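**Q** Dropping a structure here in structure tokens format, bear with me for questions.
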Amino acid sequence: MELSALPLPVDHDFLELSRPLIFFDLETTGVDVRNSRIIELYAVKLLPDGSRQECHHLLHPGCPIPADATKVHGITDADVADKPSFLSVAQELALFFSDADLGGFNVQGFDIPLLVAEFGRCGLQPIVEGGVHVVDVCTLFHKRFARNLTNAVKFYCGEAHANAHSARADVLATIKVLKYQLLLYDDLQPTSAGIHNHLFAGVVDSSGKFFRNDAGDIVFNFGKHKGVLALSQPEYLEWMLGADFNEDTKAVIRTLLGTIKRK
């Protein structure tokens with residue numbers, strides 16, 4: 001295990017710790033907890049005595065790394081070709097993560113469940129449910145700075161949102177927020193198409209059940225067929241058509257099924 005007690009540029013003397021607190025982040029093969037595997041793990045263990053330890057691993061996931069995942073974190077199959085598997089370092093990692101609380105940015109919904117799943121596949125349970133305090137900085141941010149128009153006006157425009165929830169005031173405030181966003185973020189094009197493409201590049205339907213891959217083909221963006229060509233699963237498309245999906249999603253399905261029937 002790559003482990004060190006080297007000084008870090010961030011102190012933690014502002015915390016009052018009664019036991020270790022580990023901040024960690026994972027890079028993975030995907031976003032599905034059940035099927036994804038860890039490729040990179042970095043963790044800092046903050047100790048009550050003011051010291052800290054670092055742990056960093058690149059790991060071979062035991063399967064090819066999807067191109068979409070590589071786009072996000074930049075890690076390729078070649079990068080991990082000679083790296084250990086999670087199983088081979090699981091005992092050491094279990095010791096590192098045992099008897100500690102956990103922290104990170106948005107770890108509650110993904111990183112922690114995936115790490116628990118990886119340990120579980122190795123027959124280990126160092127992270128005991130109910131026995132770990134979680135310091136999720138993302139959740140704290142959203143609790144203190146709710147994602148609503150009033151806070152957007154305060155953050156971007158530096159002013160109070162008068163008459164919040166008045167339809168007219170909300171629309172005018174939204175336009176003002178967009179103005180300041182375009183001034184702040186120079187990578188945004190000040191056009192409807194430019195903003196749309198920045199927000200929803202590749203997305204086919206409003207609920208995001210389908211998107212276009214690099215080849216321009218429509219693929220599933222959820223469930224067991226995530227990343228699979230939609231045209232290759234007509235039975236699943238038929239099931240979706242009869243299930244509770246948005247109408248614009250069903251319109252995409254009808255088009256896809258019509259393409260299949262014409263072939």
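**Q** Of the residues CYS138, CYS55, which is over 17 Å from PRO20 (Cβ atoms) and not in a loop (DSSP other than H, G, I, E, B)?
**A** When all the criteria are applied, what remains is CYS138.
**Q** Something else about it: Do we have PHE23 as hydrophobic (A, V, I, L, M, F, W, C), in contact with a helix residue (DSSP H, G or I) (Cβ under 9 Å, 6 or more places away or on another chain) and in the same structural domain as SER88 (by TED's automatic domain parsing) here?
**A** yes
**Q** Answer with yes or no whether TYR156 is more than 30 Å from LEU95 (Cβ to Cβ) and either in contact (Cβ under 8 Å) with a residue 24 or more places away in the chain or in the same structural domain as PRO113 (by TED's automatic domain parsing) (or both).
**A** Here the answer is yes, as TYR156 does meet what is asked.
**Q** Suppose we filter PRO126, PRO113 for residues that are under 19 Å from the mean Cα position of the chain (by Cα) and either in the same structural domain as ALA69 (by TED's automatic domain parsing) or surrounded by 11 or more Cβ atoms within 10 Å (Cβ to Cβ) (or both); which single one remains?
**A** Going through PRO126, PRO113 in turn, just one is under 19 Å from the mean Cα position of the chain (by Cα) and either in the same structural domain as ALA69 (by TED's automatic domain parsing) or surrounded by 11 or more Cβ atoms within 10 Å (Cβ to Cβ) (or both): PRO113.
**Q** Pairs only if they're at least six apart or on different chains, beta carbon under 8 angstrom, first in region 79-94 and under 18 Å from VAL116 (Cα atoms), second of a type in the set (Phe, Trp, Tyr); list them, first residue then second.
**A** Partner pairs satisfying both residue conditions: ALA90/PHE119; LEU93/PHE86; LEU93/PHE119; ALA94/PHE119.
**Q** Looking only at region 211-263, which residues are among the β-branched types (Val, Ile, Thr) and over 28 Å from the mean Cα position of the chain (by Cα)?
**A** Scanning region 211-263 gives THR255, THR259, ILE260.
**Q** Could you list, in sequence order, the residues of region 216-263 that are touching a residue at least 12 places away in the same chain (Cβ under 8 Å), of a type in the set (D, E, K, R) and part of a helix (DSSP H, G or I)?
**A** Answer for region 216-263, where residues must be touching a residue at least 12 places away in the same chain (Cβ under 8 Å), of a type in the set (D, E, K, R) and part of a helix (DSSP H, G or I): GLU238, ASP248, ARG254.
**Q** Something else: Name every residue in region 58-80 that is touching a Ser or Thr at 6+ places or on another chain (Cβ under 6 Å), β-branched (Val, Ile, Thr) and assigned to a helix (DSSP H, G or I), in order of residue number.
**A** Once the filter is applied, which keeps residues that are touching a Ser or Thr at 6+ places or on another chain (Cβ under 6 Å), β-branched (Val, Ile, Thr) and assigned to a helix (DSSP H, G or I), region 58-80 yields only THR70.
**Q** Give me the pairs: first residue in region 194-215 and aliphatic (A, V, I, L, M), second residue surrounded by 14 or more Cβ atoms within 10 Å (Cβ to Cβ) and not in a helix (DSSP H, G or I), beta-carbon distance under 8 Å, and six or more apart or on different chains, which are they?
**A** Partner pairs satisfying both residue conditions: ILE195/LEU188; VAL203/PHE210; VAL203/PHE211; VAL203/ASN221; VAL204/PHE210; VAL204/PHE211; VAL204/ARG212; VAL204/ILE218.
**Q** State the number of residues belonging to region 32-48 that are surrounded by fewer than 15 Cβ atoms within 10 Å (Cβ to Cβ) and closer than 20 Å to VAL134 by Cα.
**A** Summing the residues that are surrounded by fewer than 15 Cβ atoms within 10 Å (Cβ to Cβ) and closer than 20 Å to VAL134 by Cα in region 32-48 gives 1.
The values are calculated or read from the model by the stated rules, or taken from the named source; none is laboratory data. Everything numeric in this text was worked out from a predicted model, so none of it was measured. FYI the Cβ positions are ideal-geometry reconstructions off the backbone, even for glycines, and counts take in every protein chain you see.
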